[in-house]
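Each remark here refers to the structure printed beneath this line.
Just so it is clear, none of the values below were taken in a lab; they were calculated from the coordinates. Just so we're clear, the structure is a prediction, and the values are computed from it rather than from any experiment. Positions of Cβ are backbone-derived with ideal geometry, glycine not excepted, and every protein chain shown enters the neighbour counts.
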Amino acid sequence: MDRIPRYAVITTRGERDKELREAVAAAHAQDAWVVVVDNSDRGVYFDDYRHPLVVVLHHPEQPPNLSRLWNIGLGRVEVANLSGTTRTMYDVAVCNDDAILPPDWFDRLSTPMRLGGCYAAGFGPVHEPVFHRIPGLTALHERMPGWAFLLRGEGRLRADESLRWWCGDNDLDMQARRLGGTLIMPRDEVRHLYPDQSTNTRPELQARTGVDMQLFVEKWGFRPWSI
């Protein structure tokens, strides 16, 4: 049986050139077809890659709507997966430009996610696999990490674009639970280089976090996580 096709959607503001290239290379090394969704004003280029498995899409909307950037990438991946084939199953990683995947990231998530009937997966500081089957309040250490997570592509999950900066990953998690589940695996080795840096340094994004949290609560009836 052929291996399930692999894709990666990596969002960037174009300010972390070195890190972005490392993130793309880490996904490439695992045979993933990469879509970079660029939110910068100037545009990013990969002249040194010149590879048919890297596509750069430019969407300079400001302030950024992270959920929309994810959806742009997910839509492009869906088209690529179906183009000229009859493929249905595929895996798609959704990553920040400062999240460097370890070499076995896809392998360690895809198989248990699919065997467990789940539609999303990520790593966390847990001691054994945790399966979330029902939408609800989640312990912070068991939540799906927003900087690097895996989606079951045929589930055709899309982010809620009303959640512009925060909670979009939590909403995808809850959608995945409704379809079958979200899996959190132990032994997290993703290198997340600058946690919360964009939020902490941009007042407009700090202000948006409260708005998005309230929208999430209105939609689902609970906050996404507890300490």
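Annotations for the structure displayed:
- Sorted peptide list for 65-77, 165-177, criterion being average Cβ within 10 angstrom, highest first: 165-177, 65-77
- Cut-off under 5 Å, modelled amide H: who pairs with Ala8 long-range: Trp33, Val34, Val35, Ala93
- Karplus-derived 3J(HN,Hα), 6.51/-1.76/1.60, for each residue of the range 4-21, Hz, glycine and proline x: 4, x, 10, 9, 9, 10, 10, 9, 8, 9, x, 9, 10, 4, 4, 5, 4, 5
- By DSSP, the beta bridges lying fully in the chain are antiparallel in about 35 percent of cases.
- Positive-end ranking of Leu82, Val94, Ala26 along the dipole of the chain, with charges on Cβ about the Cα centre, is headed by Leu82.
- Taken about its Cα centre, the range 87-148 carries a charge dipole of about 300 debye when Lys and Arg each add +1 at the Cβ and Asp and Glu each add -1 at the Cβ.
- For the range 211-227, putting each phi into the Karplus relation 6.51 cos²θ - 1.76 cosθ + 1.60 with θ = phi - 60° gives couplings of 4, 5, 4, 5, 5, 4, 4, 5, 6, 9, x, 7, 6, x, 8, 10, 5 Hz, in residue order, rounded to whole numbers and with x for Gly and Pro.
- GNM on the chain, alpha-carbon springs under 10 angstrom: the most fluctuating residue among Glu204, Glu61, Glu154 is Glu204.
- Here the Debye sum runs over all C-alpha atoms of the range 6-226 as equal scatterers in vacuum, and log10 of I(q)/I(0) at q = 0.10, 0.12, 0.13, 0.15 Å⁻¹ comes out as -0.40, -0.59, -0.71, -0.97.
- Label-point separation, Thr88 to Arg156 (7 Å along Cα→Cβ), nm: 1.2 nm
- Each residue of the range 96-113 was assigned a 3J(HN,Hα) from its phi angle through the Karplus curve 6.51 cos²θ - 1.76 cosθ + 1.60 (θ = phi - 60°); the sequence is 6, 6, 10, 10, 9, 6, x, x, 10, 4, 4, 4, 6, 9, 4, 4, x, 4 Hz, with glycine and proline shown as x.
- Gap separating the Cα centres of the range 58-131 and the range 1-37, nearest whole Å: 10 Å
- Net charge of neighbours whose Cβ lies under 11 Å from the Cβ of Ile10, counting Lys and Arg as +1 and Asp and Glu as -1: -3
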